[in-house]
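Participant: Just dropping this structure here.
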Amino acid sequence: MEVMMKSSKFILMVAVAALSLFAVLNVFRNGEAETSQKPLPSVSAIDSTKCIAPASFMRANHMQVLHAWEKSVVREGDRVHIAANGSRFQKSLGTCLGCHNNRLFCFNCHSYANVKPKCWNCHLSPMETP
Amino acid sequence: MMNEQRREFIKKTALGVFAGLGVASGLVPAFSLEKTALPVWDEKPVPGKIRWGMVIDTRQCKEGCQQCVTACHHEHNVPAFKNRKEEIRWIWKNSYKNVFPTATNSAVSKEIQNRSFLSLCNHCADSPCTQICPTGATFKRWDGIVEIDYHRCVGCRFCIPACPYGSLSFNWQDPRTAIVDPVTAYPTREQGVVEKCNFCSDRLVKGLLPACVDACPEQAFTFGDMNDPVSDIRVVLESNVTMQRKPELGTKPSVFYII
Amino acid sequence: MIEKALKGNRSYWIWIVFLVTLVASGLSAYYQQRWFGLTVTGMGREASFGIYTAQLTFLLGVAASAVMVVFSFSLRRQKELAKTVIIALFMAVSAALMSMLFVVADMGKPDRVLNIIFFPNPRSLVFWDLLLLSGYLATSLISGWAMLGAEHKGVPPSAWVTSVMYLSIPLAFGIATISAVLYAGLPGINLWLTAVLAIRFIASALAAGMALLILVTLMLKETTGFDAGKEAREKLAMVATYAGIANVLLLGVQFITTTYSNLPWMWFSLIIGVVSVTILLLPALRKSQLLFVGACTALVLSVWVDKSAGLMIGGELVPAPLGSIVAYAPTSTELFVVVGIWSLGTMLFTALLKVVVAVKVDNEG
C-alpha cells in the first residue's frame with residue numbers, strides 16, 4: 001500500500017515538474033517572438049576611464065581587439081597594450097574580465113545575438129569560476 | 001644552486017618589474033580568472049636575444065619520484081587519460097634505452113639502465129615539427145621556445161611523426177573530461193588540437209622558473225638563458241659533459257642531460 | 001552539359017542510389033567522429049596516421065598518374081589516346097577530390113581547414129602538397145570540362161585549354177614527389193627515410209592509375225557500349241607494365257634494405273605485383289580478357305596494399321618515435337567514413353563519365 005502511495009506521489013511530482021518545464025519553455029518562446037522590441041541586456045556600470053577604448057568602439061570591435069591581442073601575445077610576445085590616453089594594459093582576457101566582472105557580461109549579449117564564440121573551449125569561462 | 005638561479009632571474013627581471021608598476025596603474029585584478037600577472041618583459045622581445053635551455057642532472061633523479069611530472073601536469077591542466085592510446089603528456093619518465101636509442105655507448109652500467117630519464121619537448125633550434133606544420137601553429141618563438149598556437153592548430157598531426165622524441169600528444173577527445181584537479185590560472189586545450197610542453201612560457205613571463213624545475217626536491221634541473229655567457233646554465237654546461245637526444249639528426253635540442 | 005548526368009536508365013539510377021546510401025552512412029559515421037573526436041578511430045598516440053592517410057597516399061598517386069595520358073596525348077601526340085584523355089582527367093578530378101576529403105576527415109579541427117590558406121607556412125611540405133593538389137584539381141576539372149564542351153559543340157578546344165592542360169603536368173609530378181619527400185622527411189619514422197620512396201611513389205602511381213583507367217574503359221564498354229579503343233588500352237597497359245616492373249623492383253630492393261620483409265601484407269603486395277606484371281608482360285597470357293582484367297585488378301590491389309597496409313601502417317609498426325610498438329586497426333566508424341568518401345568520389349566520377357559518354361554518343365549518332 002505504502003509502495004503504491006510512493007509511486008503515485010512520484011508520478012505526481014514528475015507531472016508537476018514536466019508541466020512547469022513546459023511553462024518555462026513557453027515563456028522563453030514568447031520572449032523570442034518579440035526579439036525586435038527586446039532592449040539590450042543591461043550590464044553593470046563600468047568605470048570608462050579604465051577601459052582600453054570607448055564602449056561604443058568595443059561593442060563593435062572587441063572580437064578584432066581580442067584577436068589582435070591573441071596574435072601579438074602568442075606570436076610576438078608583445079604583451080602590453082597602450083590605450084589612446086596612454087594607460088597601459090596587459091593583453092589578456094583576464095584584463096577585460098577583471099573589470100567586467102559580471103559573470104554574465106559576455107553571455108548576455110552573445111546569447112542575445114546568438115553568436116557562439118569558441119573562447120571557452122579552452123579559456124575558463126566566467127560562468128565556470130568558483 | 002637554487003637560490004643562485006633565482007637571483008639570476010630577479011636580476012634580469014628587476015627592470016621589467018619596475019616598468020610593470022606602471023602597468024599596474026591601469027590594471028585592477030579584481031577577478032581571478034587566468035590571473036593577469038604583470039609581464040616581466042615590458043617591451044616587445046627582440047627575436048633571438050634569449051635562448052632558454054635546460055640541463056637535467058640524471059644522477060639526482062630519484063626512482064619513484066614523480067613531483068616534476070605532477071607539478072607540470074597539474075599547473076597546465078594536462079588531462080590524465082589512462083589508456084595508452086590517448087595518453088597526453090608534457091613530461092614523463094623513461095628508460096635510458098628509450099631516451100638515447102642511438103647512443104653509441106650501449107654497454108652502460110646496470111645503475112644507468114635502471115635510472116629514470118625525463119622526456120620532454122627539446123625545444124630544438126632546428127625543429128622538424130615547426131617545419132612541417134602547414135599553418136605555422138607549431139612555431140619557434142623569439143626566445144627559442146617551440147610553442148603551439150592552439151588557436152591556429154588544425155589537428156593534421158603531421159608534427160607527431162615529425163618529432164623524433166615523441167614529444168607531441170593529440171587530443172583525441174575533449175580533454176576537459178579527464179582533468180582531475182583543474183587550475184584556473186592556465187587554459188585547457190580542446191578536442192582536436194596537438195599539445196606539448198611549452199617550457200613554461202606562462203611562468204617565465206611572470207619571472208618564475210618552470211614548474212618542473214621548481215618542483216624537483218633534488219634540484220636536478222638547471223634552467224636559464226644559454227645566450228648569456230654568465231648564466232647558471234652556461235656554467236653547468238661548461239663544467240660538465242652533457243648529452244643531447246639523437247644529436248645525429250641535427251635538431252639541436254635545448255635540453256641537455258648529465259649522465 | 002551537366003543535365004546529361006540526370007538522364008539515365010534504371011541500372012544507372014540503382015547504382016547512384018546505392019552510392020548515395022553509402023555516402024549517407026559515411027556521413028553519419030563522420031558526424032559521430034566530429035562529435036566525440038578522433039577517439040572513435042583506431043589511431044592513437046603511437047599510430048597517429050591510419051587508414052585515412054593511407055587512402056590519401058593511394059589516391060594522390062591515382063590522381064597524379066592520370067597526367068600520363070595527358071602527357072602522351074598532348075606532348076607526344078599519341079592520337080589513339082584521344083578518347084581516353086577526358087576520362088583520365090575526370091578520374092584525376094575524382095581522385096583529387098577524394099584525397100582532399102581524406103585530408104579533412106583526418107583533421108582534428110576541420111572547421112579550421114582554411115587556416116592553411118590564411119596562415120600558410122611556406123617551409124611546410126604539407127602546405128605545398130595541399131596547394132598543388134587543389135591546383136591540380138582545378139586544372140583537371142577546367143581542362144576536362146572545356147575539352148568536353150568543345151567536343152559537344154563539334155569544335156576543336158581553344159588554345160587556353162591546352163595551356164591549362166600543360167600546367168597540370170608539372171603539378172602532377174610535383175604532387176607525387178612532394179608527398180614522397182614529405183613522408184621520407186619525417187624523422188620519427190625510420191622506414192620511410194629513403195630517397196627511393198619518391199621514385200616508387202611515381203612508379204606505383206603510374207602502375208595503379210593506368211591499370212585503374214583500363215578497368216574503367218572496359219567497364220564503360222560493358223555498360224554503355226562506348227569503347228575508348230583497344231589501341232588505347234594497349235598503350236595504357238604498356239605504361240602500367242613498365243611502371244609496375246619498376247615498382248616491384250624497387251619494392252624488392254626495399255625488402256632487402258629495410259624491415260618490409262617482416263610485414264606479411266608487403267609480401268602479399270610484392271607477390272601479386274610480380275604476378276600481375278608477368279601476365280601483362282607476356283602476350284600469350286595478356287590476350288585472354290579474363291587474365292588481362294585480373295592482372296589489372298591485381299596491380300591496383302598490390303599498390304593499394306603497399307600504400308595503405310605497408311607504407312602507412314607498417315611504417316608505424318616499426319618502432320615509432322618512442323621505440324615502442326602499438327598495432328593499429330581501423331574501427332568500424334573509420335571504415336564507414338572511408339567507404340563514404342570512396343562512394344562520393346565514385347559518384348562524382350560516374351556522373352562525369354555519364355556526361356562524357358552522352359556527349360560522345362550524341363556526336364557519333
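Participant: Inspect all residues belonging to the range C:44-51 and state whether any of them is within 24 Å of C:Ile189 (Cβ to Cβ) and among the hydroxyl-bearing types (Ser, Thr, Tyr). I'd like the intermediate steps shown before the answer.
Facilitator: Taking the range C:44-51 and keeping what is within 24 Å of C:Ile189 (Cβ to Cβ), we get C:44-51.
So of that shortlist, the ones also among the hydroxyl-bearing types (Ser, Thr, Tyr) come out as C:48.
Scanning the range C:44-51, I find at least one residue that is within 24 Å of C:Ile189 (Cβ to Cβ) and among the hydroxyl-bearing types (Ser, Thr, Tyr), so the answer is yes.
Participant: Considering only residues of the range C:1-17 that are more than 15 Å from C:Thr224 (Cα to Cα) and in contact (Cβ under 8 Å) with a residue 12 or more places away in the chain, which is most open to solvent (accessible area, probe 1.4 Å)?
Facilitator: C:Ile2
Participant: I've got another one for you. Of the residues in the range C:181-221, how many are farther than 18 Å from C:Val300 by Cα, away from every other protein chain (no Cβ under 14 Å) and either touching a Ser or Thr at 6+ places or on another chain (Cβ under 8 Å) or crowded, with 24+ Cβ neighbours inside 10 Å (or both)?
Facilitator: Final tally of qualifying residues: 2.
Participant: Here is a further query. Does the range C:132-140 include one or more residues that are at the interface with chain B (Cβ under 9 Å from one of its Cβ atoms) and either surrounded by fewer than 24 Cβ atoms within 10 Å (Cβ to Cβ) or touching a Pro at 6+ places or on another chain (Cβ under 6 Å) (or both)?
Facilitator: First pass over the range C:132-140, keeping only residues at the interface with chain B (Cβ under 9 Å from one of its Cβ atoms): none.
Within the range C:132-140, not a single residue is at the interface with chain B (Cβ under 9 Å from one of its Cβ atoms) and either surrounded by fewer than 24 Cβ atoms within 10 Å (Cβ to Cβ) or touching a Pro at 6+ places or on another chain (Cβ under 6 Å) (or both).
Participant: From B:Val183, B:Val194, B:Val241, which residue is open to solvent by 20 Å² or more (accessible area, probe 1.4 Å) and closer than 22 Å to B:His151 by Cα? Even if it seems obvious, please write down each step before you answer.
Facilitator: Details: B:Val194 fails: open to solvent by 20 Å² or more (accessible area, probe 1.4 Å); B:Val241 fails: closer than 22 Å to B:His151 by Cα.
Every option except B:Val183 fails the conditions.
Participant: Within the range C:277-295, which residues are more than 13 Å from C:Ser204 (Cα to Cα) and open to solvent by less than 40 Å² (accessible area, probe 1.4 Å)? Before the answer, list the steps.
Facilitator: Step one: filter the range C:277-295 for residues more than 13 Å from C:Ser204 (Cα to Cα), giving C:278-295.
Across the range C:277-295, the qualifying residues are C:Ile279, C:Leu280, C:Phe292, C:Gly294, C:Ala295.
Participant: Sticking with this structure for a sec: How about the range A:94-122: which of its residues are open to solvent by 40 Å² or more (accessible area, probe 1.4 Å) and at the interface with another protein chain (Cβ under 7 Å from one of its Cβ atoms)?
Facilitator: A:Cys99, A:Asn101, A:Asn121 - these are the residues of the range A:94-122 that are open to solvent by 40 Å² or more (accessible area, probe 1.4 Å) and at the interface with another protein chain (Cβ under 7 Å from one of its Cβ atoms).
Participant: Just one of (1) out of contact with any helix residue (DSSP H, G or I) (no Cβ under 6 Å at 6 or more places or on another chain); (2) farther than 30 Å from C:Met43 by Cβ; (3) open to solvent by 50 Å² or more (accessible area, probe 1.4 Å); (4) modelled with pLDDT of 85 or more trips up C:Ile256, so point out which.
Facilitator: (4)
Participant: Could you list all residues from the range A:72-93 that are among the aliphatic types (A, V, I, L, M) and either at the interface with chain B (Cβ under 7 Å from one of its Cβ atoms) or crowded, with 17+ Cβ neighbours inside 10 Å (or both)?
Facilitator: Of all residues in the range A:72-93, those among the aliphatic types (A, V, I, L, M) come to A:73-74, A:80, A:82-84, A:93.
Within the range A:72-93, A:Val73, A:Val74, A:Val80, A:Leu93 qualify.
Participant: Name every residue in the range B:76-108 that is charged (D, E, K, R), part of a loop (DSSP other than H, G, I, E, B) and more than 19 Å from B:Val183 (Cβ to Cβ), in order of residue number.
Facilitator: So the first thing to find is which residues in the range B:76-108 are charged (D, E, K, R), and the list is B:82, B:84-87, B:89, B:93, B:97.
This time we only want the ones that are part of a loop (DSSP other than H, G, I, E, B), so: B:82, B:87, B:89.
Selection gives B:Lys82, B:Glu87.
Participant: Kindly list the number of the only condition in (1) part of a strand (DSSP E or B); (2) of a type outside the set (S, T, N, Q); (3) surrounded by 21 or more Cβ atoms within 10 Å (Cβ to Cβ) that fails for B:His73.
Facilitator: Every listed condition holds for B:His73 apart from (1).
Participant: Here's a follow-up. Would you pick out the residues in the range C:144-180 that are of a type in the set (Val, Ile, Thr) and open to solvent by 70 Å² or more (accessible area, probe 1.4 Å)? Reasoning before the result, please.
Facilitator: Residues of the range C:144-180 of a type in the set (Val, Ile, Thr): C:155, C:161-162, C:164, C:169, C:175, C:177-178.
The answer is C:Val155, and nothing else.
Participant: Another question, then. Collect the residues in the range C:227-244 that are under 17 Å from the mean Cα position of the chain (by Cα) and under 14 Å from C:Phe71 (Cβ atoms), keeping them in residue-number order.
Facilitator: Passing the criteria: C:Leu236, C:Val239, C:Ala243.
Participant: Right, next: Is there any pair with a first residue in the range A:102-127 that is part of a helix (DSSP H, G or I) and a second that is at pLDDT 90 or above and polar (S, T, N, Q) whose Cβ atoms are under 9 Å apart and which are 6 or more apart or on different chains, and what are they?
Facilitator: Within 9 Å, the pairs are A:Asn121/B:Thr188; A:Asn121/B:Gln191.
Participant: Going by the conditions given, is C:Ser99 under 17 Å from C:Leu148 (Cα atoms) and of a type outside the set (Lys, Arg)? Give the steps one after another, and end with the answer.
Facilitator: Details: under 17 Å from C:Leu148 (Cα atoms): no; of a type outside the set (Lys, Arg): yes.
So C:Ser99 fails the test.
The values are calculated or read from the model by the stated rules, or taken from the named source; none is laboratory data. A quick note: this is a predicted structure, and the numbers were derived from the prediction, not measured. Reconstructed Cβ throughout: ideal geometry from the backbone, glycine too, with neighbour counts over all protein chains shown. Calculation scope for accessible area: heavy atoms of the full protein, side chains included, ligands and nucleic acids excluded. Shrake-Rupley method; radii C 1.70, N 1.55, O 1.52, S 1.80 Å.
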